[in-house]
Structure formats: C-alpha cells, structure tokens
1. Just to be sure I understand the curve: with the Debye formula and one point per C-alpha of the stretch 44-91, what is log10 I(q)/I(0) at q = 0.18, 0.27, 0.28 Å⁻¹?
2. Kindly provide the helix-only [θ] at 222 nm of the chain, computed as the sum of -39,500 (n - 2.57) over DSSP H runs of four or more divided by all residues, to the nearest 500 deg cm²/dmol?
Amino acid sequence: MTFIDLSDAEGMIGLYVEFVADERAGCQDDPDRLRFVEELLEQLKAVESNLDPAHLAATVQKLKDLHESADHDFANDPVMVHLNDLVEEIEKAGEI
C-alpha cells in the first residue's frame, strides 16, 4: 500500500501519472479509451516534467485545463474523476 502525503502536491501528481499509466496498460482491448488515456498521459508527463513547486498554482491551472478540454465522452472515466479529485486535494492542502 502506498502512503499518500496530501501535503506533497508533487508526490500526488507523480502518483496520479502512475495511475494513468496503469490504466493505459489495462485498456488495450478498448482502442478509443486507449487513445484517450495515451493522450492524457502524454500531456500529464509534460506537466510533470515542467513542475515548479514555486508556481504550483500554474500547474493546478494546467491540470484544470486538461480536465476541461478532455473528450466529453470520457467525462466519467476513472482517470478524469481522479484528475478532478487530485486538483481538489491540492487546493484543499492550501499549497496554492
């Protein structure tokens, strides 16, 4: 079991990226979801690689933008639900 430190936004984002990567591995039989998850993962990796703790609000905004711009057919997909939860947890932690 992984301990999640809710005060560590960088760590939470990293765990979320791992979650999306795991979801990608589990949707090989669904080409539409696979495409969606792969695109999201690519965008998340770009956000993660440019993560600057001093500008966490900008990172949170990028995550919100990803959520809002995602294919609406996947609005209730677990990766999108968890993305929304991630943003909420970072905001609640008061780091931004």
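FYI, it's all coordinate maths here, none of it is from the lab. Because the structure is predicted, anything quoted here is derived from the model rather than measured.
1. For the stretch 44-91, the Cα-only Debye profile gives -0.54, -1.07, -1.12.
2. Values: 4 runs with 65 residues, N = 96.
Calculated mean residue ellipticity at 222 nm is -22500 deg cm²/dmol.
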